[in-house]
């Protein structure tokens, strides 16, 4: 049994279970460090080899703060030159997992002493200095801005999801607390992979606000949009008509269902909701439209307002039927983007009120960057490349399904 295994042995009997996970992490990281330095030197410890490129010269301690607490590592020193394991970054003691916590405290104006206590509460007893907080946030700003301003080049994004959430922030010299709109775009590329494309913070979801946001996406290279999925906010719809003319628009069926049920007495809402679900259970686009018409006719006698709403919204809510059937469940609502917004809400709850829009963009941008990296590293496609190839060209879509700019 080697020394690392013998160090773990007492922890495996359950008597010191609270120390097991940190020790497993420490052991695993130390083993990676030993393997890397052996590769750099061309030889293991005490190994005689003609390929040896250098020699060890003891160790120096390095404390790494992680989600499971402070980990004491031993970094090999070399007789000539220096060695830093790739799992560590120069002058960074706080790992990526704690970045969001430090940043959230920073943008909320929490003192260095309180940040130190917050980090300690997560398992780090060594604390964190003001300069480290500043360096972390400056590094985050660079990463977030690079992500939010990256070129959107490639084969285009057939599906574009747009949605907004609201956070509280201070505005103007009076530092008055206001509700700030945070709009987010998600796209599905030609390979069937989803990407978070950008965000914008502003006063409200007005047409000009949405137009500026969509315009900024187009300037960065957004092309090939066939279907836009969103709610029916008037400012957003007008902006889509103006900026993405010729694309189809899918009105989120979840938002539509809420609007529809508001026109029906509470006692009958479950029945109407079940009738609407029956439309979405159909397997062909012809059956979808036929069932929609039947439900509209059924509601006309007792709930004329509901029936009228269904007739007017028919093409908008059923736009998904013009696209591959295997995509329907993921393009007939904004649910996929809503989950991202839920994560934004969860991660920003600790801040409460942001000092300015830049602080909102920093934290929300970091959340989006983290989520997008997770999707890319995960490697899973939202849709297969074969099914993406089945999406019709804009000129092959029915004219009534494509948005045209509204005329005065």
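The values are calculated or read from the model by the stated rules, or taken from the named source; none is laboratory data. Only a predicted model underlies this, so the values are computations on that prediction, with no experimental measurement involved. A quick note on method: Cβ atoms are made from the backbone with ideal geometry, for glycine too, and the neighbour counts reach across all protein chains shown.
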- Tell me which of these residue 84 doesn't satisfy, since it passes every other one: (1) at pLDDT 80 or above; (2) in a strand (DSSP E or B); (3) closer than 30 Å to residue 144 by Cβ. (2)
- Message: Taking the condition of being at pLDDT 80 or above and in a helix (DSSP H, G or I), how many residues in segment 28-62 meet it?
- Response: 13
- Query: residue 74 is checked against (1) outside any helix (DSSP H, G or I); (2) surrounded by fewer than 17 Cβ atoms within 10 Å (Cβ to Cβ); (3) modelled with pLDDT under 75 and fails just one. What number does that condition carry?
  - Reply: (3)
- Residues of segment 359-383 that turn out to be surrounded by 14 or more Cβ atoms within 10 Å (Cβ to Cβ) and over 13 Å from the mean Cα position of the chain (by Cα), as a count: 7
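Residues that are without any contact (Cβ under 8 Å) to a residue 40 or more places away in the chain and under 26 Å from residue 231 (Cβ atoms): find the helices (runs of 4 or more DSSP H) completely inside segment 325-408 holding 3 or more of those. Explain how you work it out, then say what you get.
Working: elements: 328-331, 335-348, 357-378, 385-388.
Correct list: 335-348.
Let me confirm something: among 345, 330, 285, which residue is in the same structural domain as residue 177 (by TED's automatic domain parsing) and over 30 Å from residue 182 (Cα atoms)? Steps first, please.
Details: 345 fails: over 30 Å from residue 182 (Cα atoms); 330 fails: over 30 Å from residue 182 (Cα atoms).
None of the other options fit; the residue is 285.
Can you find even one residue in segment 222-240 that is free of Cβ contacts under 8 Å to residues at least 24 places away in the same chain and either surrounded by 17 or more Cβ atoms within 10 Å (Cβ to Cβ) or assigned by TED's automatic domain parsing to the domain that holds residue 317 (or both)?
Step one: list which residues in segment 222-240 are free of Cβ contacts under 8 Å to residues at least 24 places away in the same chain, which gives 237.
If we keep only those that are either surrounded by 17 or more Cβ atoms within 10 Å (Cβ to Cβ) or assigned by TED's automatic domain parsing to the domain that holds residue 317 (or both) as well, we get 237.
Yes - at least one qualifying residue is present in segment 222-240.
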- Message: Being in a strand (DSSP E or B), surrounded by 19 or more Cβ atoms within 10 Å (Cβ to Cβ) and out of contact with any helix residue (DSSP H, G or I) (no Cβ under 8 Å at 6 or more places or on another chain) is the requirement here; does residue 198 meet it?
- Response: no
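Would you call residue 12 at pLDDT below 80 and outside the structural domain of residue 139 (by TED's automatic domain parsing)?
Details: at pLDDT below 80: yes; outside the structural domain of residue 139 (by TED's automatic domain parsing): yes.
Against the criterion (at pLDDT below 80 and outside the structural domain of residue 139 (by TED's automatic domain parsing)), residue 12 qualifies.
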- Out of 297, 287, 306, report the one residue that is touching a helix residue (DSSP H, G or I) at 6+ places or on another chain (Cβ under 7 Å) and surrounded by 12 or more Cβ atoms within 10 Å (Cβ to Cβ). 306
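Identify all residues within segment 241-264 that are in contact (Cβ under 8 Å) with a residue 24 or more places away in the chain and not in a helix (DSSP H, G or I); write none if there are none. Spell out how you get there, then give the answer.
First, pick out the residues of segment 241-264 that are in contact (Cβ under 8 Å) with a residue 24 or more places away in the chain: 241-256, 259-260, 263-264.
Scanning segment 241-264 gives 244, 245, 246, 247, 248, 249, 250, 251, 252, 263, 264.
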